[in-house]
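Reviewing the structure listed below.
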Amino acid sequence: MSLVKNEKFYYVERGFLSQPEISPSEYARANKELSGSLHLITQLRAKQKEIDGLKSLVVECSGDKDMINMATEEMRQAIEEERRLQHLLLKSLLPKDGADERNCILEVRAGTGGEKASLFAMDIFKMYEKYAHKNGWKFEVVDIAQSDLKGYKRVPVTEKSGRVHSSAVSVAILPQADEVDVQLKNEDLKIDTYRSSGSGGQHANTTNSAVRTS
């Protein structure tokens with residue numbers, strides 16, 4: 001993984017004194033935002049250095065089978081840890097959002113594909129449900145639409161004739177909105193009424209047949 005320094009990270013890593021055009025408040029804000037990322041970068045560089053050392057050890061001990069096996073196992077574990085640190089680092093660099101700490105509403109809707117799309121949507125829903133339980137999150141089903149499916153059954157990827165079917169689902173994840181009290185005043189309403197035009201029955205042009213509120 002190559003770490004590309006953006007402008008803000010460069011200021012934080014090099015220090016405020018070497019960049020006099022940056023104000024103290026800007027430096028403090030950037031340092032606060034990236035302090036966790038800098039710690040992960042330090043860990044990642046140390047792990048990458050460890051991996052390089054293990055690679056050199058494998059080459060130097062080409063005649064010692066036991067040493068090679070031990071170094072290979074340690075290198076495998078180090079590479080797994082490197083990937084974990086890379087994932088955490090990329091996650092820490094994502095822009096912060098005020099809705100990150102809120103509850104969310106998940107909607108899974110079947111798209112094209114008929115019955116198979118409904119089954120596919122159920123698979124996706126159960127996947128999210130298991131992921132939530134795995135992370136210890138509270139998962140509550142608010143509403144589920146009933147379909148004509150008689151229970152849950154597996155559908156093969158292909159038909160007996162060998163044709164492949166494509167199904168589509170849509171997944172929407174939205175932060176839960178804060179509860180607010182809305183006071184609607186009569187003077188804020190605009191009500192338009194409409195009457196039918198042209199010839200018609202006895203009350204065609206004398207009664208309001210449509211109302212629009214905005």
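The values are calculated or read from the model by the stated rules, or taken from the named source; none is laboratory data. Keep in mind that this is a model prediction, so the values were computed, not measured. Note: ideal-geometry Cβ built from the backbone for every residue, glycine included; neighbour counts use all protein chains shown.
Taken over the stretch 103-125, the criterion of being in contact with a strand residue (DSSP E or B) (Cβ under 7 Å, 6 or more places away or on another chain), modelled with pLDDT of 85 or more and not hydrophobic (A, V, I, L, M, F, W, C) is satisfied by Glu107, Arg109.
Of all residues in the stretch 88-101, those that are in a loop (DSSP other than H, G, I, E, B) have Cβ atoms under 7 Å from Cβ atoms of residues that are at pLDDT 80 or above, 6 or more apart or on another chain, in Leu93/Ser37; Ala99/Pro175.
Identify, please: which residue in the stretch 54-69 is small (Gly, Ala, Ser) and out of contact with any helix residue (DSSP H, G or I) (no Cβ under 9 Å at 6 or more places or on another chain) and is, among those, surrounded by the most Cβ atoms within 10 Å (Cβ to Cβ)? Quick ask: steps written out before the conclusion?
Quick first cut of the stretch 54-69, residues small (Gly, Ala, Ser) only: 56, 62-63.
Within this subset, residues satisfying the condition of being out of contact with any helix residue (DSSP H, G or I) (no Cβ under 9 Å at 6 or more places or on another chain) are 56, 63.
Numbers: Ser56: 11, Gly63: 7.
The qualifying residue surrounded by the most Cβ atoms within 10 Å (Cβ to Cβ) is Ser56.
Within the stretch 129-214, considering only strands (runs of 3 or more DSSP E) that don't extend past its boundaries, which have at least 1 residues that are modelled with pLDDT of 70 or more? Break it down stepwise before answering.
Working: elements: 169-175, 191-195, 208-213.
Hits in the stretch 129-214: 169-175, 191-195.
If the requirement is being among the β-branched types (Val, Ile, Thr), within 14 Å of the chain's Cα centre (by Cα) and over 24 Å from Glu50 (Cα atoms), which of these qualifies: Ile105, Ile124? Write out each step before concluding.
Numbers: Ile124 fails: within 14 Å of the chain's Cα centre (by Cα).
Going through Ile105, Ile124 in turn, the sole match is Ile105.
Suppose the filter is within 15 Å of Ala172 (Cα to Cα) and surrounded by 11 or more Cβ atoms within 10 Å (Cβ to Cβ); does Ala110 pass it? Answer is yes for this residue.
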